[in-house]
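Visitor: Can you keep this structure in mind? I'll have questions shortly.
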Amino acid sequence: MVRRLGLTSLRPQARRIRAGPPARRGPVVLLTAAFGGVAMLVTLLAQDLSPLPMPSWAFALSLFVALTAAGLVNLEYFFRGEIDAIDHFEAALAPAIFFLPIPVVVAMAAVAKATSQALRGVHPIKAWFNVAQWSAAAALGCVTFAALRGRAPPGPRDLGPLTAAMVVVTLVNVGALLVVLTLVQQRPLHHGWFRRLAAGLIRDSSMTLVVNLTFGLLFIATYAWAPATWPVLLVPLALLH
């Protein structure tokens, strides 16, 4: 029975994410490998799908910093002793998908997520799962964006495809969390806990998507019309921490 499924602000005193009993780690490791494989395969197959030019390295570096910072701003939820988190990674991922080539986005998402997980002291098994999960989500989001926008230079008409891409990212992440929590719980689905967990995750992820997409669009508009002020947008992410 689900006793509580809510969102609480992450504080330094919050206990670290546990990896679960050893018997439950095998399926999680296999799932991590599967997500990593999906990320690499999609990236290799889709790298020429949308030949966006590489912006300046200063902009790419600032995006990496934003992704890392966003990964440090977490909302945790607790389910039967297991802890997982929803963060604002999507807010910085949106401009990366919008402006950068697919291989750069996936690599940057993986390294930034690994960096933020290490800084937060997340258990290695869960940290690598999060890295693989976000890499796959970023790759599939990039492919969605590229397939819907065509090959013209990025512009205002691409905000619709970007929204669709971020919905795909959210769906991949929600699906990944549902699968991994199901593996960890090892309980029959017909008891009703899965339905309540899924409803809570979908509700909370939808609200988080709206917030993150709003930030992402703000980042994109700022870089498009006033590139010099882009670093200032790191301030709102810092204030959320």
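Visitor: Go through the stretch 96-109 residue by residue and turn each phi into a ³J(HN,Hα) via Karplus (6.51, -1.76, 1.60, θ = phi - 60°); whole Hz please, and just put x for glycine and proline.
Guide: With the stated coefficients, the stretch 96-109 comes to 5, 4, 5, 10, 9, x, 4, x, 5, 4, 5, 5, 5, 4 Hz.
Visitor: A further question follows. Quick one: what are the phi-derived ³J(HN,Hα) couplings along the stretch 174-181, Karplus 6.51/-1.76/1.60 with θ = phi - 60°, whole Hz, x for glycine and proline?
Guide: After applying 6.51 cos²θ - 1.76 cosθ + 1.60, I find 4, x, 5, 5, 5, 5, 5, 5 Hz.
Visitor: Spelling out what I want: for every residue of the stretch 63-72, take phi, set θ = phi - 60°, compute 6.51 cos²θ - 1.76 cosθ + 1.60 (Karplus), and round to whole Hz; glycine and proline get x.
Guide: 5, 4, 4, 5, 4, 5, 5, 5, x, 8
Visitor: For the pair residue 147/residue 167, report the inter-label distance in nm, with labels modelled 7 Å from Cα in the Cβ direction.
Guide: 1.4
Visitor: Tell me which residues come under 5 Å, amide H to amide H, from residue 123 once H is placed; ignore anything under 5 positions away on its chain.
Guide: Residues meeting the amide H criterion: 17.
Visitor: For the pair residue 60/residue 206, report the inter-label distance in nm, with labels modelled 7 Å from Cα in the Cβ direction.
Guide: Once both label points are built, they end up 3.8 nm from each other.
Bear in mind these aren't lab numbers, they're just calculated from the coordinates by the rules spelled out. Source: prediction; values computed, not measured. Note that we place each Cβ from the backbone using ideal geometry, even for glycine, and neighbour counts take in every protein chain shown.
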